[in-house]
Amino acid sequence: MLKEIKKLMHNAIRDTEFEHNAYFAGGCVRDELLGRQTNDIDITVELPDGGIRLAQLLYEQGLTSKPVIYKQFGTALIIWIDYKIELVMTRRESYRAKSRKPDVAFGTLQEDVMRRDFTLNSLLMRISDGEILDLCGMGIADLNAKIIRATSEAEVMFKEDPLRIMRAVRFATTLGFSIDKSTLCVLKKIVPELKHISKERIAEEFIKIIYCSEFLQGLRLLKTTGILPVILPKLRIPSQLLSQNSDNTQYHLESTNLISKLTLIFWRHADPTPFLKMLKLSGKEIQSINRITDICKTIRYLQKDRLELSLVQTRRIAFWYRDVLEDIVKTFPLTCMFLNPETARFEKDNELCIKLSNEASLLDMKRFSLTGEDLMRTFCSENGSWVGEMLMQAREYWFEHPDAGREELLQALKSRYQKR
């Protein structure tokens, strides 16, 4: 993982002041030791303005993109090959009340390590020889024990930046780790401080949690810690969803996409739009989730009295919802978890979704060939609301007879018109 970039980086800084003062830091070291892929790399340099100066050196050597420099924080951002690399001098930080942005000053390597949030993110790898440094004394042990623990005093760490509360849950969810009891106890106490964090940053962390394959564990943590009522007031997650576990492979929830997961999370709400807006989703995403929710609930309603949808109903859904049909197919079978256990019908719902996909392909291939101009020319009349109404009637006929062409559709409308 880091071997390629470490070799290239070492060659670039050999015989310079950076050779024995530059370290990979934080998440990239953690992921390297866990065998996880990462494209985001942090480098810390134990020299004043070391991160900025090293970034400029690499650029001057023609190895990287031009650095984006944040002088206030002593950091620089570069792109090297496929890696996004942030370089920073070792530093100490101090926080002003109600501000996540620290005042920074050059500090020792030890000070830099102890300012980091969790022990698993405090590990260093010296670029020159690859040696792992565990200056907080607990990083390796916690990584092996799969524990998330505050690097320094937990209450101070969380109060300095309450977003770390969300990060703790995200790391626990992403890595499958547990949060140290004392750290968790403090976290719960500090949860109200999240109200001082911007909705954008909280939404970003929440969505990252939902992206995880084990997102249900993340939701449970958000609920049991009291975080959910603070970040998404009045949210009611279905108990049937939270009760699912990794042993129940029927629904394959870990492999579904973000849209499907959010549809399930907000299933109990008639209109999830306010929550989706709080999560800063795009208008297109919000519209998709609302449409998918509506059609899934409509199908459930249609199934109330009969277990199977008619062929026309199936084609109607396949046609009118073709732009979100892929997500409907992924989501609808999962919603049977909200039924009573004795009426659960996951396999049958899967069969229906296969049928929906097949009928959508059929309708795409056959194509509805009638236009408003055809109607006005045939019935010798000007444009008006009647055109749309008759096109709807023609489509209903077409759903029953998808092979019908323009002439057959017009003849069907003429027959219906003459009977009236």
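The values are calculated or read from the model by the stated rules, or taken from the named source; none is laboratory data. Source: prediction; values computed, not measured. Don't worry about glycine lacking a Cβ; one is built from the backbone with ideal geometry, like all the others, and counts go over all protein chains shown. For accessibility, only protein heavy atoms count, side chains too; no ligands or nucleic acids. Shrake-Rupley method; radii C 1.70, N 1.55, O 1.52, S 1.80 Å.
Structure data summary
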{"quantity": "Å² per residue, accessible surface of the chain at 1.4 Å", "calculated": "50"}
{"quantity": "Zone residues, segment 117-160, relative to residue 196, backbone N less than 20 Å from point 7 Å out along Cα-to-Cβ", "calculated": "117-118, 150-160"}
{"quantity": "Gyration tensor over alpha-carbon atoms, segment 6-58, equivalent ellipsoid semi-axes in Å", "calculated": "21, 12, 9"}
{"quantity": "Cβ-derived FRET efficiency at R0 25 Å, residue 207 paired with residue 236, nearest 0.05", "calculated": "0.85"}
{"quantity": "Charge-dipole axis of the chain as Lys and Arg at +1 and Asp and Glu at -1 on Cβ define it, positive-most pick from 262, 59, 237", "calculated": "237"}
{"quantity": "Heavy-atom accessible surface of the chain: percent carbon and sulfur, 1.4 Å", "calculated": "49"}
{"quantity": "Calculated Rg and Dmax of segment 204-324 using C-alpha coordinates, Å", "calculated": "15.6, 48"}
{"quantity": "For segment 1-101: rounded, prolate or oblate by the Cα gyration tensor [a/c cutoff 1.5]", "calculated": "oblate"}
{"quantity": "Alpha-carbon centroids, segment 285-333 and segment 169-196: separation in whole Å", "calculated": "38"}
{"quantity": "Helical mean residue ellipticity (222 nm; -39500 (n - 2.57) per DSSP H run of 4+; nearest 500) of the chain", "calculated": "-15000 deg cm²/dmol"}
{"quantity": "Along each principal axis, Cα extent of the chain, largest first, Å", "calculated": "92, 51, 37"}
{"quantity": "Reciprocal mean inverse distance between Cα atoms of segment 252-400 - Kirkwood radius, Å", "calculated": "17.2"}
{"quantity": "Sites residue 270 and residue 36 - FRET efficiency at Förster radius 30 Å, r taken between beta-carbons, to 0.05", "calculated": "0.15"}
{"quantity": "Radius of gyration and Dmax over the Cα atoms of segment 336-420, both given in Å", "calculated": "18.3, 57"}
{"quantity": "Residues in segment 3-27 reached by a label modelled at residue 61 [backbone nitrogen below 18 Å; 7 Å Cα→Cβ]", "calculated": "3-25"}
{"quantity": "Where Rh is the Kirkwood radius over Cα pairs, Rg/Rh for segment 158-222", "calculated": "0.94"}
{"quantity": "Sites matching trypsin sites (Lys or Arg not before Pro) across segment 319-363 that sit in DSSP coil, with at most 16 neighbouring C-beta atoms within 10 Å", "calculated": "345"}
{"quantity": "Cleavage-rule hits (GluC sites (Glu not before Pro)) in segment 253-334: DSSP loop, at most 15 neighbouring Cβ within 10 angstrom", "calculated": "308"}
{"quantity": "Sparse-neighbourhood loop sites, trypsin sites (Lys or Arg not before Pro) in segment 108-183 - DSSP loop, at most 15 other Cβ within 10 angstrom", "calculated": "146"}
{"quantity": "Distance-filtered residues of segment 303-342 - backbone nitrogen under 16 Å, label point 7 angstrom along residue 400 Cα→Cβ", "calculated": "310-316"}
{"quantity": "Isotropic mean projected area of the C-alpha convex hull, segment 50-140 (nm²)", "calculated": "6.9"}
{"quantity": "Length gained when the stretch residue 358-residue 282 is fully extended (0.36 nm per residue, less Cα-Cα span)", "calculated": "24.4 nm"}
{"quantity": "Relative contact order (%) - criterion: Cα under 8 Å, at least six apart; region: the chain", "calculated": "8"}
{"quantity": "Fully extended contour minus Cα-Cα distance, from residue 70 to residue 258, at 0.36 nm per residue", "calculated": "64.4 nm"}
{"quantity": "Under 30 Å from the Cα of residue 366 - lysines, other chains or at least 8 residues apart", "calculated": "284, 297, 330, 348, 355, 414, 419"}
{"quantity": "Listed residue pairs exceeding 22 Å between alpha carbons, taken from 159/195; 66/280; 195/234; 6/66", "calculated": "66/280"}
{"quantity": "Gain on full stretching of the segment that runs from residue 146 to residue 132 - 0.36 nm per residue minus C-alpha separation", "calculated": "3.2 nm"}
